[in-house]
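For reference, the structure is listed below as structure tokens.
No value in this document is a laboratory result; all are computed from the given coordinates. Owing to the predicted nature of the structure, the values given are computational and were not obtained by experimental measurement. Cβ: placed from backbone, ideal geometry, glycine included. Neighbour counts: every protein chain shown.
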């Protein structure tokens with residue numbers, strides 16, 4: 001991890017309240033793993049006080065850049081959305097433990113990525129790595145399930161497709177793809193594939209992750225979830241971002257944000 | 001201009017007056033890649049207890065205007081693991097470190113101090129003021145009562161000759177009375193202030209935002225309160241004060257020193273800017289040069305005012 005001032009390459013409004021920020025850094029792209037996050041000082045003063053954590057969305061080692069995908073929800077992300085190309089951001093990263101995807105098990109048949117809303121953010125970076133790795137192994141291209149309330153809120157469909165992933169969409173109002181929740185789509189998918197040797201990687205709202213965890217348990221498949229909490233220090237010092245696990249409290253910022261789903265005591 | 005930044009806290013000579021506050025800097029290792037810890041005046045560890053503590057139910061942190069509420073609940077690995085796994089790194093530091101300790105009885109405090117003295121620790125901060133744990137069933141924390149403050153400090157001073165710093169709570173009617181009893185019991189210095197008890201509510205769910213319902217407020221929001229407490233205590237006791245509470249920059253730090261602090265602690269600011277303490281140190285130096293203050297000790301308590309009767 002490093003604390004650095006990094007230059008913004010671009011800060012695009014994508015749609016609705018979603019933005020994509022591209023940042024120049026000669027450190028983070030080299031060391032970042034999918035699932036890790038960066039801790040950004042969004043405002044230039046003490047309002048809001050704390051930094052904001054963002055998953056690393058995509059990385060280019062060739063261009064020394066990385067991206068974050070974010071939604072404007074409050075003051076912090078509001079300030080961030082006003083930043084312009086050429087501005088500098090105060091960033092600590094990469095932080096936390098990422099997804100464990102370096103399996104040597106060549107028998108693994110299916111990798112399923114389940115994204116709810118903003119949960120697509122870390123999963124694109126994971127897909128980049130998975131696709132890259134599959135050039136050397138027999139892994140199939142990942143299957144990506146993206147869910148949102150409605151068509152306009154579906155994120156990164158084309159980016160995943162460009163990587164060669166199989167993409168399936170679920171919208172709650174049925175405006176695109178499967179009608180229903182992404183967890184219902186997951187149930188359907190797992191009932192049709194030989195899922196015994198697959199791994200599910202999920203990121204999204206808490207109730208969704210809880211449900212994904214339940215489904216994975218029922219099918220007895222490995223499932224990793226990326227959790228969110230209010231994070232103060234980001235480096236494991238303040239012990240503020242604790243989550244209950246079977247092994248006692250663990251920290252989202254240091255032990256996570258990615259956890260094995262069966263480790264979590266869901267509330 | 002040559003400036004003297006050194007300060008004396010009990011038997012400790014600190015090379016400068018800037019400390020990082022307990023609970024905001026872990027056991028040092030967490031921040032070693034982000035800041036030169038050895039440049040600090042001293043480093044105060046996260047509080048340890050005799051037995052490991054799991055800590056309080058999450059959520060443990062809520063952001064409030066200009067502050068944060070926390071209810072960590074003294075999660076820590078306990079004395080044994082601390083000695084085995086945390087202390088070796090602290091001993092490699094080229095700056096002073098202070099171990100923050102807490103117990104449920106005065107005997108636990110002195111037991112912790114004695115064992116840590118045997119392990120080569122040179123100074124303690126007595127955390128008798130954590131707002132997030134029940135020290136004794138249904139009772140106030142030790143620092144909310146002059147007699148129990150006296151009892152704990154006295155017991156620890158009986159068991160060790162090392163430097164003892166007592167950290168007090170602002171959640172009291174008359175802080176001077178408590179500070180005086182800590183001084184009488186032999187405390188070498190005072191850390192002021194621990195967090196201010198507060199709470200926050202989610203109006204949609206009607207649930208408290210903290211798992212433990214209430215928590216301790218820190219950050220810029222508490223600075224005026226902390227400053228007032230430092231000034232009050234400075235006028236009541238002779239032992240040095242380590243001032244803390246919402247210090248974000250050198251200006252804040254200097255306000256504390258002028259109001260009576262011999263040294264200052266940086267807490268919440270570390271989360272926002274891990275280099276805050278060192279930036280504050282260089283700001284203090286600049287201020288001293290600009291104002292031709294050769295010795296930081298001359299700045300302590302230099303507040304110009306008509307002394308009101310406190």
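List of remarks:
- Relative contact order (percent, whole number), the range B:3-156, Cα cutoff 8 Å, 6+ residue spacing: 20 percent
- Scattering profile of the range A:178-267 at q = 0.24 Å⁻¹ [log10 I(q)/I(0), Debye over alpha-carbon scatterers]: -1.16
- Once the Cα-Cα distance is subtracted from the 0.36 nm per residue extended length, the residue B:214 to residue B:174 segment shows a gain of 12.2 nm.
- Antiparallel DSSP beta bridges within the protein assembly as shown, percent to nearest 5: 50 percent
- Pairwise FRET efficiency - residue A:17 versus residue B:11, Cβ, R0 = 51 Å, nearest 0.05: 0.35
- Shape class of the range B:147-259 from the Cα gyration tensor (axes a ≥ b ≥ c, square roots of the eigenvalues): oblate, since a/c reaches 1.5 or more and a/b does not exceed b/c.
- Of the two radii for the range A:111-263, the radius of gyration is 0.98 times the Kirkwood radius, both from the alpha carbons; that is the Rg over Rh value.
- Residue A:2-residue B:202 pseudo-label distance in nm [points 7 Å out on the Cα-to-Cβ vector]: 3.8 nm
- Given their separation in residues at 0.36 nm each and the Cα-Cα distance between them, residue A:265 and residue A:188 gain 25.2 nm when the chain is fully extended.
- In this simple spin-label model, placing a label point 7 Å from the Cα along the Cα-to-Cβ direction at both residue B:94 and residue A:83 gives a separation of 3.4 nm.
- Here the range B:1-157 carries DSSP beta bridges of which approximately 45% are antiparallel, counting only pairs with both residues inside.
- Relative contact order (%) - chain B, alpha-carbon pairs under 8 angstrom, separation at least six: 20 percent
- Ranked by how many other Cβ atoms sit within 10 Å of their own Cβ, fewest first, the residues A:173, A:100 fall in the order A:173, A:100.
- Relative to the longest principal axis of the Cα atoms of chain A, helix A:182-192 runs at roughly 30 degrees.
- Length-normalised contact order for chain A - Cα pairs under 8 Å, 6+ apart - percent: 17 percent
- Acute angle (nearest 10 degrees) that the helix A:120-134 long axis makes with the longest principal axis of chain A, alpha-carbon atoms: 60 degrees
- Note on residue B:54 and residue B:286: their simple-model spin labels are 4.8 nm apart, each label 7 Å out from Cα toward Cβ.
- Sorted by Cβ density within 10 Å, fewest first, the residues B:100, B:282, A:24: B:282, A:24, B:100
- Likely footprinting exposure, B:234, A:27, fewest C-beta neighbours within 10 Å first: A:27, B:234
- Here the extension length gained between residue B:119 and residue B:105 equals 2.9 nm, from 0.36 nm per residue of separation less the Cα-Cα distance.
- Cα gyration tensor, chain B - rounded (a/c under 1.5), prolate or oblate: rounded
- Placing R0 at 41 angstrom, the Cβ-Cβ distance between residue A:220 and residue A:150 gives a FRET efficiency of 0.80 after rounding to 0.05.
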